[in-house]
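The values are calculated or read from the model by the stated rules, or taken from the named source; none is laboratory data. Note that the structure is a prediction, hence the values are computed from the model and not measured. Here the Cβ is made from the backbone with ideal geometry for all residues, glycine too, and neighbour counts use every protein chain on show.
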Amino acid sequence: MNIRCLVVDDERPAVEELVYLLSELPDVTVVGEANSANEAVEKIGTLKPDLVFLDINMPGHSGFHVIEACAGGTRSPLFIFCTAYDQYAVKAFEEQAVDYILKPFSSKRVATGVRRARERLEAESSHASDDVARLLEALGSQQHHVVRLSVESQGRLLLLDPDEVIFCKAEEKRVRVFTHDGDYISHSAPTLDRLEELVTGFPFYRVHRASLVNLKHIREVTSWYNGKYLLVMDDAAANEVVVSRNRVKGLKEHLGI
């Protein structure tokens, strides 16, 4: 059977790469592209694809909006999630979605995802609408993004938007959060692991076991020694954060360098 695919991603290079990899597979046709959640919903309604390769993090509405909008349809497509962030939300999708693929894409992973979708479609063991309903149920609390992070300041609690956070650093039994206005002790997350979980969906990356950075606030990236890298953040103090050797490759992939 021929599988009709829609590719959804706000980054043009990602769309082009997926379209190319899909064009190499037999009995697969890319019927359309979309660069936003709203456009994806519209094209799913008009093009009726069998399979949608869906980015999670996009400006405006996220990929979750597409899932919600298609949940009540009479013929919802299957979904394969495509993301640069292998975080906790992605793991929750594993048993519900057809597949998830991490960026940068590889021909083998894309082919595996299509094979799984083909098996699902050919077997007709479950309807795509049921899959969407189960996926929405699995998302649960994962669907919403953290609105505020609480930090301690002179005996009071301040609520920070995650976008305000430049980087976070583990210090013994507490976590220090750095912003343009100063640094604070985290109240909502006593460990860096917990804080990383709370900011799922935001562009944070664990560059070291003791450091979590907001990719939007990196000013400079410099190679250091022993395979490590050094980041200079965009705060007034130009704080420096070390990238451990085994995290350098992932950082480069996330930044596209």
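Computed values, structure above
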| quantity | calculated |
| --- | --- |
| Any hit, segment 20-28, residues being assigned to a helix (DSSP H, G or I), loosely packed, with under 15 Cβ neighbours inside 10 Å and of a type in the set (S, T, N, Q) | yes |
| Residue satisfying condition, being within 22 Å of the chain's Cα centre (by Cα) and at negative phi, within set G63, G45 | G63 |
| Filter result (surrounded by fewer than 17 Cβ atoms within 10 Å (Cβ to Cβ) and either aliphatic (A, V, I, L, M) or at pLDDT 85 or above (or both)) within segment 132-145 | A133, L136, A138 |
| Single condition K249 does not satisfy, out of (1) under 19 Å from the mean Cα position of the chain (by Cα); (2) on the phi > 0 side of the Ramachandran plot; (3) surrounded by fewer than 16 Cβ atoms within 10 Å (Cβ to Cβ) | (2) |
| Filter result for A170 (within 25 Å of E152 (Cβ to Cβ) and either in a strand (DSSP E or B) or touching a Phe, Trp or Tyr at 6+ places or on another chain (Cβ under 6 Å) (or both)) | yes |
| Selected residue (criterion: surrounded by the fewest Cβ atoms within 10 Å (Cβ to Cβ)) from residues of segment 205-225 that are assigned to a strand (DSSP E or B) and of a type in the set (A, V, I, L, M, F, W, C) | V221 |
| Inter-residue pairs, beta-carbon under 8 Å, first polar (S, T, N, Q) and in segment 96-110, second part of a loop (DSSP other than H, G, I, E, B) and modelled with pLDDT of 80 or more, 6+ apart | S107/E24 |
| Flag for D163 being outside the structural domain of P104 (by TED's automatic domain parsing), surrounded by fewer than 19 Cβ atoms within 10 Å (Cβ to Cβ) and under 27 Å from P59 (Cβ atoms) | yes |
| Hey, K216 under 21 Å from N57 (Cβ atoms), of a type in the set (D, E, K, R) and without any contact (Cβ under 8 Å) to a residue 12 or more places away in the chain or not | no |
| Selected residue (criterion: nearest to S150 (Cα to Cα)) from residues of segment 194-204 that are without any contact (Cβ under 8 Å) to a residue 60 or more places away in the chain and part of a loop (DSSP other than H, G, I, E, B) | V199 |
| Which listed residue, of D235, D193, is of a type in the set (D, E) and loosely packed, with under 15 Cβ neighbours inside 10 Å | D193 |
| Residues located in segment 26-55, provided they are touching a strand residue (DSSP E or B) at 6+ places or on another chain (Cβ under 6 Å) and farther than 15 Å from G113 by Cβ | T29, V31, G32, E33, A34, A40, K43, L47 |
| Residues of segment 203-226 satisfying the condition of being of a type in the set (S, T, Y) and in contact with a His (Cβ under 7 Å, 6 or more places away or on another chain) | Y205 |
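For (1) in contact with a Lys or Arg (Cβ under 7 Å, 6 or more places away or on another chain); (2) at pLDDT 90 or above; (3) within 30 Å of K228 (Cα to Cα); (4) assigned by TED's automatic domain parsing to the domain that holds R247, each residue gets a yes or a no:
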{"residue": "K103", "(1), (2), (3), (4)": "no, no, yes, no"}
{"residue": "V110", "(1), (2), (3), (4)": "no, yes, no, no"}
{"residue": "G113", "(1), (2), (3), (4)": "no, yes, no, no"}
{"residue": "S125", "(1), (2), (3), (4)": "no, no, no, no"}
{"residue": "S129", "(1), (2), (3), (4)": "no, no, no, no"}
{"residue": "Q154", "(1), (2), (3), (4)": "no, no, no, yes"}
{"residue": "D181", "(1), (2), (3), (4)": "no, yes, yes, yes"}
{"residue": "E196", "(1), (2), (3), (4)": "yes, no, yes, yes"}
{"residue": "T200", "(1), (2), (3), (4)": "no, no, yes, yes"}
